[in-house]
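Below is one structure, written out as structure tokens; the observations come after it.
Values quoted throughout were computed directly from the atomic coordinates according to the rules given, and no laboratory measurement underlies them. As the structure is a computational prediction, the values presented were derived from the model and not from experiment. Here the Cβ positions follow ideal geometry from the backbone for every residue, glycine too, while neighbour counts run over all protein chains shown.
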Amino acid sequence: MVERYAALAEVDLKNVTPVLDEAMADVSQLDKADVAEVRVYQNPPYQVMMVMCAVCVLLECKSDWATARQVLGDSGFISRLTNLDINNISDRTYRKLLHYSRNPEFTPELIGKVSSACRSFCKWVLAIQRYYEVYRTVKPKEEKLKTANEALTVMQKSLSRKQEMLKLVCEKYLLNKNIIFFSSKGKRSFTRIRR
């Protein structure tokens, strides 16, 4: 049972990890000029605004253009994206993110026609969303695995104690049997001699 939970969780995560790794690599390869390409907009195209609002949601910032420009101006912006704690995204953040990511125009291909940097951000957002969706189903499996492992450890300790007790009982039984055997053998010998 424990192995089954572990295998299911591992398969689910293995399916989403390559997509996440690819998106993280795309974002990591962006440089200051790529980020500046997006930041210079006074009134960004709808697609750029949509992607940057989604990025702001994941960074738990206000999702408007003024905030997005501030976030883009941060020298550690790319690092914030690549180091985001993806295992601790809240349900509330996820629900906010869906307002943007469910839009039919929220695809890397369509966004890439407007901005190559936003194409990478879009891939990143979608990969984080997909990871969250998988992780949300894997997390209960991991918790079941943890519970099963804890129960297994308790049972193994109990079994070990019972095996030790059985060993002591068996040793005591054999010792008593030998004593009885030798004492009864001695009585027979003694009775034979007396006759």
Simple spin-label estimate for Ala151 and Asp21 in nanometres, 7 Å along Cα-Cβ: 3.4 nm
Distance violations [Cα-Cα > 25 Å] among Lys14/Lys146; Lys32/Lys62; Lys32/Lys113; Lys62/Lys123; Lys62/Lys146: Lys62/Lys146
Counting all C-alpha pairs of the chain, share separated by more than 22 Å (%): 62 percent
Simple label model, 7 Å out from Cα along Cβ direction - Val40 to Cys170, nm: 8.2 nm
